[in-house]
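Single-structure report; data block below.
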Amino acid sequence: MRPFLEMFGGEERSFRVALAELRAIQSACDAGPAVVAERLARCVQVKRAHPQANIFELLALGLGDWRIEDVREPILQALIGGGLSPNAAGALVRRHIDDRGLKGLVENVELALVCIAAGVADDEDDPAMGESPAGAESPTSPAGN
């Protein structure tokens, strides 16, 4: 999985979500990546449908069943995977999510979903993704077609 750039805390930052980060997210959220993504998706859908709504209007529209860790942990782990130390990543997450309460969580729910999606997406440039057992041909390789 290659790093990707996204805005967080007013700056473009490097994020990366590989298997180690997905495991940490799964552990912190007590759910697999697909479940975490499902929990975040409703909030993202409501925010996109009502981009001018304030936090109270968004709450009234129903923001889904996501949990605090569903938002903060994918961002934290993706920052660590992108090259920040755990202390630096933790400080950023505290400043731009935790210290801002519900508003910080709701504002960053889409980034959290992007991080989860990046972690489960198949990256053809990553040699660890899509490897076949020794001697087996990949169904997408020229020899396998």
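The values are calculated or read from the model by the stated rules, or taken from the named source; none is laboratory data. Just so it is clear, the model here is predicted, and its values are computed rather than measured. All Cβ positions, glycine included, derive from the backbone under ideal geometry; neighbour counts span all protein chains shown. We work out accessible area using only protein heavy atoms, side chains counted, and drop any ligands, DNA or RNA first. Shrake-Rupley method; radii C 1.70, N 1.55, O 1.52, S 1.80 Å.
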(request) Would you please name the residue that is nearest to A118 (Cα to Cα), looking only at residues in the range 63-78 that are open to solvent by 50 Å² or more (accessible area, probe 1.4 Å) and in a helix (DSSP H, G or I)? (result) E69
(message) If R42 meets every condition in (1) touching a helix residue (DSSP H, G or I) at 6+ places or on another chain (Cβ under 9 Å); (2) surrounded by 13 or more Cβ atoms within 10 Å (Cβ to Cβ); (3) closer than 17 Å to K103 by Cα apart from one, which number is that one?
(response) (1)
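Just to be sure, is A60 outside any helix (DSSP H, G or I) and free of Cβ contacts under 8 Å to residues at least 24 places away in the same chain?
Values: outside any helix (DSSP H, G or I): no; free of Cβ contacts under 8 Å to residues at least 24 places away in the same chain: yes.
Judged against the criteria, A60 is not a match.
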(request) Quick one: count up the residues across the range 10-31 that are under 18 Å from V71 (Cβ atoms) and polar (S, T, N, Q). (result) 2
(request) Determine which single condition D99 fails, assuming it passes every other condition in (1) at pLDDT 90 or above; (2) of a type in the set (D, E, K, R); (3) within 17 Å of the chain's Cα centre (by Cα). (result) (3)
